[in-house]
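Here the structure is laid out as structure tokens; the discussion comes afterwards.
All of the numbers you see were taken from the coordinates with simple rules; none came from a lab. All values derive from a computational prediction rather than experimental measurement. As a convention, Cβ positions derive from the backbone with ideal geometry for all residues, glycine included, and neighbour counts pool all protein chains shown.
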């Protein structure tokens with residue numbers, strides 16, 4: 001089973017069983033954000049977590065094995081057309097250089113790791129309409145001079 005087939009099987013089982021990403025993640029003992037990313041094929045899980053996800057979804061060992069494989073992190077389109085994903089591209093196009101400048105000002109010449117990284121997505125109540133609260137935390141990696 002490849003990652004695309006795995007993703008399709010997981011999405012279908014999740015829908016049929018009425019599970020949330022949080023429930024699936026709890027079964028694996030991991031965050032909803034990382035578990036969802038692995039289930040969508042963009043990260044991998046170790047065997048115990050992969051087995052737990054497959055069990056929670058009522059899926060076979062082929063799904064667990066596919067979850068354990070390292071992903072090929074590629075995108076099919078230069079800019080996705082899904083409105084939620086597109087807005088992230090829009091935010092980075094508008095604020096990307098600002099983020100870069102402020103990171104350099106506060107930390108020096110370097111980058112924020114996308115490997116040593118965490119993300120949390122929450123709902124924040126607001127009388128004008130609920131808000132999406134995304135918290136991203138990545139290790140600062142200074143560039144080396146030689």
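Between residue 55 and residue 81, the modelled label-to-label distance comes to 4.2 nm, taking each label 7 Å out from Cα in the direction of the beta carbon.
Helical runs assigned H by DSSP (4 residues or longer) give the chain a calculated mean residue ellipticity at 222 nm of -16000 deg cm²/dmol, each run adding -39500 (n - 2.57) before division by the residue total.
Relative contact order for the range 83-142: what percent, with Cα pairs under 8 Å and sequence separation of 6 or more? It would help to have the intermediate numbers written out before the result.
Working: 55 pairs, mean separation 18.7, N = 60.
For the range 83-142, the relative contact order is 31 percent.
The ranking of 21, 146, 88, 75 from fewest to most other beta carbons within 10 Å of each one's beta carbon is 146, 75, 88, 21.
Springs between Cα atoms under 10 Å define the GNM used for the chain, and in it the highest mean-square fluctuation of 124, 17, 49 occurs at 124.
Taking a ≥ b ≥ c as the square roots of the eigenvalues of the Cα gyration tensor of the chain, is the shape rounded (a/c under 1.5), prolate (a/b larger than b/c) or oblate? The shape class here is prolate. Here the gap between residue 104 and residue 131, fully extended at 0.36 nm per residue and compared with their Cα-Cα distance, gives a gain of 6.9 nm.
Overall form of the range 3-68: rounded. Here a/c, set by the Cα gyration tensor axes a ≥ b ≥ c, is under 1.5. Return the whole-Å distance between the Cα centroid of the range 11-74 and the Cα centroid of the range 108-146. One Cα centre to the other: 23 Å. Measuring nothing but how far apart in sequence close Cα pairs (under 8 Å, 6+ apart) lie, relative to its length, the chain scores a relative contact order of 17 percent.
Over the range 3-68, Cα pairs under 8 Å with separation of 6+ residues give a relative contact order of 37 percent.
You can think of it this way: the chain between residue 141 and residue 118 has 6.8 nm of extra reach, that is 0.36 nm per residue less the Cα-Cα gap.
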